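Report on one structure; see the data block that follows.
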Amino acid sequence: MKLIQFKTETPFGDRSRNGLLINDRILDLCFAYVTYLSQETKETKPYEIANVRISDNMLLFLDGGELSFQAARETENYFKNILKSEEQIEGPKKEQLIYGQEDAKIIEPLTYPRYIVDFMTFETHYKQSLAKLTDYGLWKRYPIGYKKNPSSIIGPTDPIIFPSGITKWLDFEVEFGWVIGKRGKDIEEADAGEYIAGFTILNDISARDIEIPEVLLRLGPFKSKDFDTAGPLGPCIVTPDEIGEPHNLKMELRVNGQIMQQGNTKDMKWSVYQLVAYTSKDQTLLPGTLLCSGNPGRLHEKSIQRKARLRVGDVVEAEIEKIGILKNVITAKD
């Protein structure tokens, strides 16, 4: 499944909903589940059940655990053939169930993640950024990461506001992310897959000129990665059954069509399962926690990297195989 959040216009303003992306069309998950319960199971209280199991917020959906995922799977299976046809179908109270992507806006699949950890799992990135400042042996021994600001998260097509008050050197990082779907502590590596709800993309937008002193002072990153709109996320959360092997996915980032980053999740020093296990040692992970790989490194030498710093008007595309594309435009601050 490809889980999404989307917004539609109503007489009372924009409304956020949980949905499924099927054949590039948006299915309103809650109303579709109501329809499934009404038509297929003859449930007498479909709205009450759907509001509990599906909700209109992804965090609440994840809190629902297996009951919520089972409801979503039943809904997807019921509507797959309908979505292949041109058949028009409405909810029991004439609710719209199906949208084209031109009729609704896909937003970040997880609004305000409960906790974000961004690791440095790619050796290429380590050697390009920290090798001269740190002990390589320590990097190989410990998965290092930093905590990112949940309120920096934006959607897959939202503008990235250039933080001109703190930086002149804005940069990009395509990253592989995985979302925790079940509460757990001291999770064994062999069991870690059971705790992953799905996979997504993060573009970790960074202010390099202030990141450098933050890292040198051994307490960063802080402002360099926590400013508003610094975290495009999405476009969906793809469930593990649809991803298959998560450690062989192509990664790419483009600026104005020029390829600036390429990598593959097979080159991560630690697997997603090892990182779930490590993070959960003596620490409870909650549904809605987002863990990320860090970026796979650069294709170009430093002189080209510096010239490629982001400017207002640039179009930044971050893509990972089987998940999709983030496409955000750098926009001037008001």
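Summary of values
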{"item": "Pairs where the first residue, in the range 1-25, is under 14 Å from Phe79 (Cβ atoms) and the second is at pLDDT below 90, C-beta under 8 Å, 6+ apart", "result": "Ile22/Lys80; Ile22/Leu83; Asn23/Leu83; Asn23/Lys84; Arg25/Leu83"}
{"item": "Out of Ile180, Ile144, sole residue that is assigned by TED's automatic domain parsing to the domain that holds Glu194 and either at pLDDT 95 or above or within 27 Å of Ala72 (Cα to Cα) (or both)", "result": "Ile180"}
{"item": "Residues being closer than 27 Å to Thr157 by Cβ and surrounded by fewer than 24 Cβ atoms within 10 Å (Cβ to Cβ) - total across the range 211-224", "result": "3"}
{"item": "Selected residue [in contact (Cβ under 8 Å) with a residue 40 or more places away in the chain and surrounded by fewer than 23 Cβ atoms within 10 Å (Cβ to Cβ)] from Ile325, Ile237", "result": "Ile325"}
{"item": "Residue satisfying all of: in the range 95-121; acidic (Asp, Glu) and either not in a strand (DSSP E or B) or not assigned by TED's automatic domain parsing to the domain that holds Arg141 (or both); nearest to Phe79 (Cα to Cα) among these", "result": "Glu95"}
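The values are calculated or read from the model by the stated rules, or taken from the named source; none is laboratory data. Just so we're clear, the structure is a prediction, and the values are computed from it rather than from any experiment. Because the Cβ atoms are built from the backbone with ideal geometry, glycine has one as well, and the counts that use them run over all protein chains shown.
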